[in-house]
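Okay, structure first, notes after.
The values are calculated or read from the model by the stated rules, or taken from the named source; none is laboratory data. What you see is a predicted model, and the numbers here were worked out from it, not measured in a lab. Here Cβ is always computed from backbone atoms with ideal geometry, including for glycine, and neighbour counts include all displayed protein chains.
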Amino acid sequence: MNYPKKFDKCPCCGSTKTIIAEETEEQIVLGKLPEGSRIPALVTQSQIINMQDKKLIIARRSFPMILGFCDICSDCGTLYCVEVQRATGIIEPRVGGSPSGGNTSEPQFPFGKG
């Protein structure tokens, strides 16, 4: 496939206007963001790798990824993908006791238990 892929129209209503892109452009005009700024409403990431392959994880190899950038239609409110790009990621060894490398203790709530 050829990347990047761009989707210029809402799949539901056909509008070409999106909320985050319009707001970003307005902030650029006001001088609050630099020219060329791009802020998606949502970024999705798909790793194209067998995460069960321990050799790849230990070797810290790079792997292909697909990134999807989404925005919200200004006319009908549909969240849809406006661009897809190919990227490269690197497997980082896990740290700590949890799969995410984060804290494995029970969550603490400000209102306590009970």
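Go through the range 31-90 and give me each residue that's more than 13 Å from the chain's Cα centre (by Cα), of a type in the set (F, W, Y) and under 26 Å from C10 (Cβ atoms). Listed by number, the list is empty, since nothing qualifies. When restricted to residues that are assigned to a loop (DSSP other than H, G, I, E, B) and surrounded by 10 or more Cβ atoms within 10 Å (Cβ to Cβ), the range 9-49 contains 18. Among all positions in the range 64-75, there is no residue which is in contact with a Gly (Cβ under 7 Å, 6 or more places away or on another chain), touching a residue at least 40 places away in the same chain (Cβ under 8 Å), of a type outside the set (D, E, K, R) and not in a loop (DSSP other than H, G, I, E, B).
Inclusion of P64 among residues that are touching a Lys or Arg at 6+ places or on another chain (Cβ under 8 Å) and modelled with pLDDT of 80 or more is warranted. Contact map, the range 31-45: first residue modelled with pLDDT of 90 or more, second residue of a type in the set (S, T, Y), Cβ cut-off under 7 Å, separation 6 or more or different chains; pairs are L33/T24; S37/T24; I39/T24.
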